[in-house]
1. Angle check, please: helix 73-88 long axis (alpha carbons) against the longest principal axis of the chain (alpha carbons), in degrees 0 to 90, nearest 10.
2. What does the chain give for Rg and for Dmax, in Å, if only its C-alpha atoms count?
3. Taking the chain as the reference, fit the longest principal axis to its C-alpha atoms, fit the long axis of helix 101-110 to the helix C-alpha atoms, and give the angle between the two in degrees, 0 to 90, nearest 10.
4. Which is the longest stretch in the chain that no exposed loop site breaks, taking sites as trypsin sites (Lys or Arg not before Pro) with a DSSP loop state and at most 16 other Cβ atoms within 10 Å?
5. Whenever you get a sec, compute what percent of the accessible area on the chain sits on carbon and sulfur atoms (1.4 Å probe).
Amino acid sequence: VELKVSSLSQRKVTEKMATSAEILVEALEDLQSSKKDRFGKGYFSQYEDLDTILQGFQNTDMIILAGRPSMGKTALALNFLRNIANAYNVPVIFFSLEMSRKQIIYRLLSI
């Protein structure tokens, strides 16, 4: 797993340059298609207000959840992971600089 994660940073970007007008047209088309399909293309967290704003988590997103100590960041992130893994049957990954693997599993089992 560590090799796969480190290889992500080694990949070269192959997207072509685009003008803001081209990107805007693409974004408007995405919004129009997601208007027809309420669920859009993203992975939804089951938190309706957040999902409405973000249109779900996109596969190109890197989500960083930050806040003051003891505000529930880990619990919220683990809820996102559990909801997405259960709803879409996809693997998820969780990084923590503060907790061991065992502590994370205990937290996941407690929610």
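1. The answer is roughly 60 degrees.
2. Rg then Dmax for the chain, in Å: 16.9, 48.
3. Once rounded, the angle reads 90 degrees.
4. Looking at the chain, 42-111 is the longest stretch - no exposed trypsin sites (Lys or Arg not before Pro) with at most 16 other Cβ atoms within 10 Å.
5. Numbers: 5800 of 9960 Å².
Heavy-atom surface of the chain belonging to carbon and sulfur, 1.4 Å probe: 58 percent.
The values are calculated or read from the model by the stated rules, or taken from the named source; none is laboratory data. Just so we're clear, the structure is a prediction, and the values are computed from it rather than from any experiment. FYI the Cβ positions are ideal-geometry reconstructions off the backbone, even for glycines, and counts take in every protein chain you see. Note: accessible area is taken over every heavy atom of the protein model, side chains too, but ligands, DNA and RNA are not part of it. Shrake-Rupley method; radii C 1.70, N 1.55, O 1.52, S 1.80 Å.
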